[in-house]
Structure formats: C-alpha cells, structure tokens
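Okay, so here's the structure we're looking at.
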Amino acid sequence: MERDVKAPASVAAESEGQVDSHAPSDCPSAETPSTALLITKRTPPKARRRHVYLYDVEVDGELLIKRSANPACDLARALKARGVTGHVKVVDERGVHRYTVNIEKAALLTVRETAQEGPRFVRWKPLKPGDGSPRKRERGQS
C-alpha cells in the first residue's frame, strides 16, 4: 500500500535520509491522513428541483468540510491550509473508494455551472470582503 498524503516535514525528512528504513512507509499518522470520509447529505426538494446533494468530509475523525457542493476542491484547500501536500483518498460511508484528490492541483480549482453550460472546473478565487453572494452580484443586488 502506498502512502497517499505527506506533510512537508515528512517530505523533507525523507529527502534528507532521516526516515527510519525499518518503519513501514504506509502507516499514516495524525498529521498525514491517507483517507478522508465523504458523508452524503441530501437536501429537501425545492421549487424547480428535486433535491441537491451536499457533502461533509471527515479526516481522522475531525469534520473539516460541512455541507459542501464541491467537497474535493474544498477538502484540498482545507488540507493545503494545514500544510498537507500530496494525494488523499476519499471513501464514502460504506468504505468504497470514490476518488483521489491531488491536493496542490484541486486547491486551485472550483466547479462552476451556469444555465448555458454544465458543470466545469474553473480557477478558484477567494471572495474579497464585501463581495457577497455571487447570485446577488449577478442580479445587481448587494
């Protein structure tokens, strides 16, 4: 089994030859999660739509992401903010592998969907203070 996620200290120690060669390299630690748990939340129906799925994501028992429509990119940003790099395997509540996230790449992306185009990956930009909701900006409201 290969180790999916490495924290910067682990990477530096390995490159300098400071890692015990007898220690198993596939043992994840609290600082370097190898698996994240994707928890599906189905929202109630609203006008003109049946329902929407939102997701919570837990890493090592800690809830990192709550009610996200884009859990892969949100998880990547949360892990990157903690100094975690590499890849993290995401499994669902049944333990089924859903996808693997490249933290550095996914942290730079988000998903945008319009009435003219289906969902697609676009470059993520943090909201500036006072920007408000994107839908309100589109309608000219503050």
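Test A81 against the stated conditions and say whether it is buried (at least 17 other Cβ atoms within 10 Å of the Cβ) and without any contact (Cβ under 8 Å) to a residue 40 or more places away in the chain. No.
Restricting segment 35-61 to residues that are assigned to a loop (DSSP other than H, G, I, E, B) and touching a residue at least 12 places away in the same chain (Cβ under 8 Å), the residue that is nearest to W124 (Cα to Cα) is V52.
When you look at S142, is it of a type outside the set (D, E, K, R), modelled with pLDDT under 95 and within 22 Å of A36 (Cβ to Cβ), yes or no? Criteria not met by S142.
Within segment 62-95, the set of residues being among the β-branched types (V, I, T) and outside any strand (DSSP E or B) comprises V84 only. Does segment 93-110 contain any residue that is loosely packed, with under 11 Cβ neighbours inside 10 Å, in contact (Cβ under 8 Å) with a residue 24 or more places away in the chain and closer than 25 Å to K125 by Cβ? No: segment 93-110 contains no residue that is loosely packed, with under 11 Cβ neighbours inside 10 Å, in contact (Cβ under 8 Å) with a residue 24 or more places away in the chain and closer than 25 Å to K125 by Cβ. Residue count for segment 85-114 satisfying the condition of being of a type in the set (A, V, I, L, M) and closer than 15 Å to T40 by Cβ: 3.
The values are calculated or read from the model by the stated rules, or taken from the named source; none is laboratory data. Being a predicted model, the structure only gives us computed values, none of them experimental. Virtual Cβ from ideal backbone geometry, glycine too; neighbours counted across all protein chains shown.
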